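Chemist: Have a look at the structure that comes next, please.
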Ligand code: TEU
């Protein structure tokens, strides 16, 4: 039996199945491929595998558009393969988290197919609306409101047959479910129970704060330079979110069965996260905030409008979540995932000189916050952004649509390509780098997305052979979390909050005290002795440059001290 709060000492590893390991040579990763690589996870020491979607899907958004919640897409294998993966995980003491995508289905899901008929009992399972009054269906501006979809264009698609529009906050092939309808909710809960009975240990819930929407679907604010309105003022964190989350928890027995729940919540605030992760409310265990991954955007801009991110801004943001959820609730900790650029390219320095140190230092800093850390596949190797030279190399719907719409609007091509290079989701999706062979040991066939040429030296086999690798550093951090309650439970304090290079953290638990001293810059720095605890006699538990001491730090040098 699991302990109720088992996830407080756990580390989660995210697998993006399409890009992890291909067992059958079709160029796309699959479930047997994952099972064959579980040793990598065991050796890393992670407790949980979060599996991005493997359900039946037309793959408009790489599986986040689901047409059958209770089957596996043939591209990834079969239900039997998934059962085998769950069993193989459990044999190793690894728990398995399914991705739950229930804000929307695929337009090819039978529920939606049925819903296209206005007289069907499923009509109300989605958000169907007539054109804006006084407008003819299909004419410009006839959409029921001004919302933009996340993947470009309006969030409404006209169905010629009925003359009505349906809502899709993501692609037109991802219609939003209407959670106001109790039948929809019961159908989702029944599906979740079916997975729990199959042995899964919890759910990562895709855009779960979007399930409750203001039912009047009001127009959203239009940002300068944008043609359409933002839905997120009206659609995220809707009025019935707490009610739906609590009902889901109760109906599926999420807390009762000690399952892990993490809600992906774009636009969520500390206040909201504190509230929904307050254990006494029995809603969610933790949420994924977007605040720290939205900091490198120009004020008022969208994700493609890239701005510099001063270190104090990043440190203070993470600090505010630490303090905000210190006594109530729980944090998740992440630098990257399948939607975000690679951590080392974005927050570190992926040049040959600094890649290894900066990947290690970023890991130390994140894992020494209080919360549950998430490692995204390849992060533990210090994998970098994709470095694509042409638009033809991109596959991600968000990137491809953004490029097309930006070209349509006459934006500067070079600038758009630069934004994609830095922010495209495909940066995270290039195949996992297992070894230095031509396809990086990922596939015997032609990979669906190009392998990064740097796999010749950044790969798991090379990391295994090197005791100073990024991988070895992650292993040490994960082992420390399991061993020392001060890592998982200790109070958090940030020192030198305004220092623009140093990230200094103190963790305290009873008599135990740890200090992180990290230079988060590609220049050396001298740490101010007067503003730090006395380090004389402190033992170094983990360092980027073992054997060195003193307060003069090399670029990206960091140390974890035991002060007790
Ligand atoms: O992402 C939700 C989300 O809001 C963003 O991360 C989005 O993917 C995009 O990057 C904004 O720029 C979740 C999934 O993680 C993502 O892969 C899906 O595409 C999306 O929901 C729709 O299911």
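The values are calculated or read from the model by the stated rules, or taken from the named source; none is laboratory data. Keep in mind that this is a model prediction, so the values were computed, not measured. All Cβ positions, glycine included, derive from the backbone under ideal geometry; neighbour counts span all protein chains shown.
Chemist: Go through the residues of the stretch 331-345 one by one and say whether even a single one is over 30 Å from residue 226 (Cα atoms), touching a strand residue (DSSP E or B) at 6+ places or on another chain (Cβ under 8 Å) and away from the ligand (no atom under 16 Å from the Cβ).
Modeler: Yes.
Chemist: Right, something else. Modelled with pLDDT of 95 or more and either touching a helix residue (DSSP H, G or I) at 6+ places or on another chain (Cβ under 7 Å) or buried (at least 16 other Cβ atoms within 10 Å of the Cβ) (or both), is that true of residue 324? Please lay out each step first, then the result.
Modeler: Values: modelled with pLDDT of 95 or more: yes; either touching a helix residue (DSSP H, G or I) at 6+ places or on another chain (Cβ under 7 Å) or buried (at least 16 other Cβ atoms within 10 Å of the Cβ) (or both): yes.
So residue 324 passes the test.
Chemist: Out of curiosity, is residue 173 within 16 Å of the ligand (Cβ to nearest atom), out of contact with any strand residue (DSSP E or B) (no Cβ under 7 Å at 6 or more places or on another chain) and over 18 Å from residue 114 (Cβ atoms)?
Modeler: no
Chemist: Within the bounds of the stretch 395-413, is there any residue that is in contact with a helix residue (DSSP H, G or I) (Cβ under 8 Å, 6 or more places away or on another chain), part of a loop (DSSP other than H, G, I, E, B) and over 26 Å from residue 309 (Cα atoms)?
Modeler: Yes - at least one qualifying residue is present in the stretch 395-413.
Condition check ((1) crowded, with 17+ Cβ neighbours inside 10 Å; (2) under 30 Å from residue 302 (Cα atoms)) across all residues:
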{"residue": "115", "(1), (2)": "yes, no"}
{"residue": "134", "(1), (2)": "no, no"}
{"residue": "171", "(1), (2)": "yes, yes"}
{"residue": "181", "(1), (2)": "no, no"}
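Chemist: Further question on the same structure: With respect to the numbered conditions (1) crowded, with 16+ Cβ neighbours inside 10 Å; (2) modelled with pLDDT under 95; (3) away from the ligand (no atom under 16 Å from the Cβ), which one is the sole condition not fulfilled by residue 230?
Modeler: The one condition residue 230 does not meet is (3).
Chemist: It is to be established whether one or more residues within the stretch 22-40 are out of contact with any strand residue (DSSP E or B) (no Cβ under 8 Å at 6 or more places or on another chain), closer than 27 Å to residue 113 by Cα and crowded, with 24+ Cβ neighbours inside 10 Å.
Modeler: no
Each row is one residue, and each column tells you yes or no for (1) buried (at least 18 other Cβ atoms within 10 Å of the Cβ); (2) touching a strand residue (DSSP E or B) at 6+ places or on another chain (Cβ under 9 Å); (3) within 18 Å of residue 362 (Cβ to Cβ).
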{"residue": "426", "(1), (2), (3)": "yes, no, no"}
{"residue": "437", "(1), (2), (3)": "no, no, no"}
{"residue": "444", "(1), (2), (3)": "no, no, no"}
{"residue": "453", "(1), (2), (3)": "no, no, no"}
{"residue": "460", "(1), (2), (3)": "yes, no, no"}
{"residue": "463", "(1), (2), (3)": "yes, no, yes"}
{"residue": "477", "(1), (2), (3)": "yes, yes, yes"}
{"residue": "486", "(1), (2), (3)": "yes, yes, no"}
{"residue": "492", "(1), (2), (3)": "yes, yes, yes"}
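Chemist: For the stretch 22-135, list the strands (runs of 3 or more DSSP E) that sit wholly inside it and hold at least 3 residues that are touching a residue at least 40 places away in the same chain (Cβ under 8 Å), within 27 Å of residue 176 (Cβ to Cβ) and within 16 Å of the ligand (Cβ to nearest atom); which are they? Can you show your working first?
Modeler: Details: elements: 48-51, 68-72, 95-100.
Filter on the stretch 22-135 gives 95-100.
Chemist: Follow-up. Here is a check on your reading of the model: is residue 496 over 26 Å from the mean Cα position of the chain (by Cα) and surrounded by 19 or more Cβ atoms within 10 Å (Cβ to Cβ)? Reasoning before the result, please.
Modeler: Values: over 26 Å from the mean Cα position of the chain (by Cα): yes; surrounded by 19 or more Cβ atoms within 10 Å (Cβ to Cβ): no.
No.
Chemist: Can you pull out the residues in the stretch 264-289 that are under 16 Å from residue 238 (Cβ atoms), surrounded by fewer than 24 Cβ atoms within 10 Å (Cβ to Cβ) and away from the ligand (no atom under 12 Å from the Cβ)?
Modeler: 269, 271, 272, 275
Chemist: So residue 420 clears everything in (1) under 17 Å from the mean Cα position of the chain (by Cα); (2) surrounded by 22 or more Cβ atoms within 10 Å (Cβ to Cβ) except one condition, right? Which one?
Modeler: Going through the list (1) under 17 Å from the mean Cα position of the chain (by Cα); (2) surrounded by 22 or more Cβ atoms within 10 Å (Cβ to Cβ), residue 420 breaks only (1).
Chemist: Separate question: Can you name the residue in the stretch 195-212 that is farther than 22 Å from residue 10 by Cβ and in contact with a strand residue (DSSP E or B) (Cβ under 8 Å, 6 or more places away or on another chain) and is also surrounded by the fewest Cβ atoms within 10 Å (Cβ to Cβ) among such residues?
Modeler: Among those that are farther than 22 Å from residue 10 by Cβ and in contact with a strand residue (DSSP E or B) (Cβ under 8 Å, 6 or more places away or on another chain), it is 207.
Chemist: Taking the condition modelled with pLDDT under 95 and surrounded by 17 or more Cβ atoms within 10 Å (Cβ to Cβ), does residue 151 pass?
Modeler: Working: modelled with pLDDT under 95: yes; surrounded by 17 or more Cβ atoms within 10 Å (Cβ to Cβ): yes.
Considered against the rule, which asks whether it is modelled with pLDDT under 95 and surrounded by 17 or more Cβ atoms within 10 Å (Cβ to Cβ), residue 151 comes out as yes.
Chemist: Among the residues of the stretch 365-409, count how many are in contact (Cβ under 8 Å) with a residue 40 or more places away in the chain and either more than 16 Å from the ligand (Cβ to nearest atom) or within 19 Å of residue 342 (Cα to Cα) (or both).
Modeler: 28
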